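What follows is a set of notes on a single structure, which appears directly below.
The values are calculated or read from the model by the stated rules, or taken from the named source; none is laboratory data. Not measured: the values here are computed from a predicted model. Reconstructed Cβ throughout: ideal geometry from the backbone, glycine too, with neighbour counts over all protein chains shown.
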Amino acid sequence: MSNPRFVMIGGFLGAGKTTTIARLARHYLAQGLSVGIVTNDQTTDLVDTNSLRAQGFEVGEVAGSCFCCNFNALTSTVEKLGVAERPDVIIAEPVGSCTDLVATVVRPLVQIYEQPLDVAPYGVIIKPSHGAKILRNEAGAGFSPKAAYIFRKQIEEADFVVINRIDELSADAVRDLTRQLEEQFPGRPVLRMSAKSGEGFTALGEFLEQRGNFGQRVMDVDYDIYADGEAELGWLNSQIRVTAKSAAGGFELDDLLLDIIRRLRAEFSAIGAETAHLKTIGLWEGFYGVANLVSSFTEPELSLPSNCRVSQASVVVNARVATDPAELERLVREVVHAACAALPAESQIDTLQCFRPGRPVPTHRILEGATK
């Protein structure tokens, strides 16, 4: 039996990793291959995990720490996927604010992990809304230089980069972003894709099939800047039960998800807090919908419509916003209550976690030695 193919797709918060991974999983399943997915976050109640499971995929989760800081949790989660038979392909989605993943994840998988994996080229997805501004060193890019440092380091270590959301960009904007990447990070193939529509996806699938001298771009990382950049963001994950006051009336699930996003966008704008990524997912008896916001200067979108009217639902809210966690929690609680009251419906917050990420401390960091 051949070794499972390990595909890790990185990129900044809101880049479109989860949508890309879902499309990749369907691509491999259509080839008759079995697929397992590993999601990752600094805490529990992940929209990504719920969304991927709702689409029928086998998903393991490393929650409470990033892959690099809990390498053993990553490998044990990989081993639990397909207990009876290992998946042919394992797709991993690291935390969107993480970097230095070649030294702390890719190389340890090849050089330390006892279960052999066939490691694919490491790709990083670019979010144009923040990426173009950061690459041009524009004022008002949304984040401080310390957060932009993480974004640039993600590209620096990548075997290839993918400009996502090209369906939302003009041809000139795609050319300009491609030029910026090629000039500032020479030697990295640049792919162009819309994970949502599938445009350009074939090139991604083909690139991931390559074997060769990949995973070589280890780099110097200032962990003080890295830690400060992550700590600028307040992280919130919550799970809410929503019940219509009139069961006969019910409510449109997609409208609620978008209303929460729109209200939060307005609140964050009012206090000058930049959104790195904001997601809501609604779940009810096999139906699911997802709405998100990838920056303060883009519009909210319904990325996966549920197209259903419900009398009750489970709603998950994930927010990554450059503001104090206490303020973030206050705003989310107020907005969820107001959005549900407008239906009208009652809301019950079952779980809520809000914090700043701690300093990253990798389990392993291998800077020397060739990968296989």
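Taking segment 98-133 on its own, how many of its residues are more than 19 Å from V78 (Cα to Cα) and among the polar types (S, T, N, Q)?
2
Tell me the strands (runs of 3 or more DSSP E) entirely within segment 264-305 that contain at least 3 residues that are free of Cβ contacts under 8 Å to residues at least 40 places away in the same chain.
287-293
Looking only at segment 202-216, count every residue that is surrounded by 13 or more Cβ atoms within 10 Å (Cβ to Cβ) and either of a type in the set (V, I, T) or without any contact (Cβ under 8 Å) to a residue 24 or more places away in the chain (or both) and tell me the total.
Qualifying residue count, segment 202-216: 1.
Identify all residues within segment 82-104 that are touching a strand residue (DSSP E or B) at 6+ places or on another chain (Cβ under 7 Å) and under 24 Å from V190 (Cα atoms); write none if there are none.
Answer for segment 82-104, where residues must be touching a strand residue (DSSP E or B) at 6+ places or on another chain (Cβ under 7 Å) and under 24 Å from V190 (Cα atoms): V89, I90, I91, A92, E93, P94, V95, G96, L101.
Do we find that L208 is within 30 Å of E368 (Cα to Cα) and of a type in the set (A, V, I, L, M, F, W, C) in this structure?
Here the answer is yes, as L208 does meet what is asked.
Looking only at segment 347-358, decide whether some residue is more than 18 Å from T43 (Cα to Cα), touching a helix residue (DSSP H, G or I) at 6+ places or on another chain (Cβ under 8 Å) and assigned by TED's automatic domain parsing to the domain that holds A270. So that I can check it myself, show each step before the final result.
Filtering segment 347-358 down to residues more than 18 Å from T43 (Cα to Cα) leaves 347-348.
When the remaining residues are screened for being touching a helix residue (DSSP H, G or I) at 6+ places or on another chain (Cβ under 8 Å), the result is 347.
Now restrict to residues that are assigned by TED's automatic domain parsing to the domain that holds A270: 347.
Within segment 347-358 (the criterion being more than 18 Å from T43 (Cα to Cα), touching a helix residue (DSSP H, G or I) at 6+ places or on another chain (Cβ under 8 Å) and assigned by TED's automatic domain parsing to the domain that holds A270), the answer is yes, since at least one residue qualifies.
Looking at V62, V38 in this structure, which one is closer than 16 Å to L117 by Cα, modelled with pLDDT of 90 or more, among the hydrophobic types (A, V, I, L, M, F, W, C) and touching a helix residue (DSSP H, G or I) at 6+ places or on another chain (Cβ under 7 Å)? Steps first, please.
Details: V62 fails: closer than 16 Å to L117 by Cα.
Answer to the check: V38.
Right, I125: of a type in the set (V, I, T) and either out of contact with any Lys or Arg (no Cβ under 8 Å at 6 or more places or on another chain) or not in a helix (DSSP H, G or I) (or both) or not?
Working: of a type in the set (V, I, T): yes; either out of contact with any Lys or Arg (no Cβ under 8 Å at 6 or more places or on another chain) or not in a helix (DSSP H, G or I) (or both): yes.
In short, yes.
Take the residues of segment 128-147 that are part of a helix (DSSP H, G or I) and more than 17 Å from the chain's Cα centre (by Cα): which is surrounded by the fewest Cβ atoms within 10 Å (Cβ to Cβ)? Working first, answer last.
Of segment 128-147, the ones part of a helix (DSSP H, G or I) are 128-135, 145-147.
Still in the list and also more than 17 Å from the chain's Cα centre (by Cα): 132-135, 145-146.
Details: A132: 18, K133: 18, I134: 22, L135: 23, P145: 13, K146: 17.
Restricting to residues being part of a helix (DSSP H, G or I) and more than 17 Å from the chain's Cα centre (by Cα), the top hit is P145.
Please count how many residues of segment 45-102 are in contact (Cβ under 8 Å) with a residue 60 or more places away in the chain and basic (K, R).
Total meeting the criteria: 1.
Among the numbered criteria (1) surrounded by fewer than 19 Cβ atoms within 10 Å (Cβ to Cβ); (2) within 14 Å of G250 (Cα to Cα), which single criterion is violated by V310?
Against the list (1) surrounded by fewer than 19 Cβ atoms within 10 Å (Cβ to Cβ); (2) within 14 Å of G250 (Cα to Cα), V310 comes up short only on (1).
Scan segment 265-293 for residues that are in contact with a Pro (Cβ under 9 Å, 6 or more places away or on another chain), buried (at least 24 other Cβ atoms within 10 Å of the Cβ) and closer than 21 Å to P325 by Cβ and jot them down.
So the first thing to find is which residues in segment 265-293 are in contact with a Pro (Cβ under 9 Å, 6 or more places away or on another chain), and the list is 265, 278, 289-293.
Now drop any that are not buried (at least 24 other Cβ atoms within 10 Å of the Cβ), which leaves 278, 289-293.
Selection gives L278, N292, L293.
Given the criteria of a type in the set (A, V, I, L, M, F, W, C), outside any loop (DSSP other than H, G, I, E, B) and within 21 Å of K279 (Cβ to Cβ), does I240 qualify? Write out each step before concluding.
Values: of a type in the set (A, V, I, L, M, F, W, C): yes; outside any loop (DSSP other than H, G, I, E, B): yes; within 21 Å of K279 (Cβ to Cβ): yes.
So I240 fits the description; yes.
Taking L253 as meeting all but one of (1) surrounded by fewer than 19 Cβ atoms within 10 Å (Cβ to Cβ); (2) more than 22 Å from the chain's Cα centre (by Cα), write down the number of the exception.
Only one criterion is unmet by L253, namely (1).
Of everything in segment 178-201, what is surrounded by 12 or more Cβ atoms within 10 Å (Cβ to Cβ), outside any loop (DSSP other than H, G, I, E, B) and out of contact with any strand residue (DSSP E or B) (no Cβ under 9 Å at 6 or more places or on another chain)? Give them in sequence order.
Hits for segment 178-201 are R179, Q180, Q184, F201.
Quick one: which of R136, R152 is assigned by TED's automatic domain parsing to the domain that holds Q210 and modelled with pLDDT under 95? Walk me through how you get there before you give the answer.
On the way: R152 fails: modelled with pLDDT under 95.
Of R136, R152, the one residue that is assigned by TED's automatic domain parsing to the domain that holds Q210 and modelled with pLDDT under 95 is R136.
Answer yes if at least one residue in segment 186-200 is touching an Asp or Glu at 6+ places or on another chain (Cβ under 9 Å) and hydroxyl-bearing (S, T, Y), and no otherwise.
Yes: segment 186-200 contains one or more residues that are touching an Asp or Glu at 6+ places or on another chain (Cβ under 9 Å) and hydroxyl-bearing (S, T, Y).
Could you tell me how many of the residues in segment 28-44 are over 16 Å from K279 (Cβ atoms) and either without any contact (Cβ under 8 Å) to a residue 60 or more places away in the chain or aliphatic (A, V, I, L, M) (or both)?
Total satisfying the criteria: 10.
Out of the residues in segment 205-251 meeting the condition of being touching a Lys or Arg at 6+ places or on another chain (Cβ under 7 Å) and among the acidic types (D, E), tell me which one is modelled with the lowest pLDDT.
Filtering first and then ranking leaves E232.
Please specify each residue of segment 15-24 satisfying the condition of being in a helix (DSSP H, G or I) and either of a type outside the set (G, A, S) or crowded, with 23+ Cβ neighbours inside 10 Å (or both). Outline the logic, then answer.
Just the residues of segment 15-24 that are in a helix (DSSP H, G or I), to begin with: 17-24.
Once the filter is applied, which keeps residues that are in a helix (DSSP H, G or I) and either of a type outside the set (G, A, S) or crowded, with 23+ Cβ neighbours inside 10 Å (or both), segment 15-24 yields K17, T18, T19, T20, I21, R23, L24.
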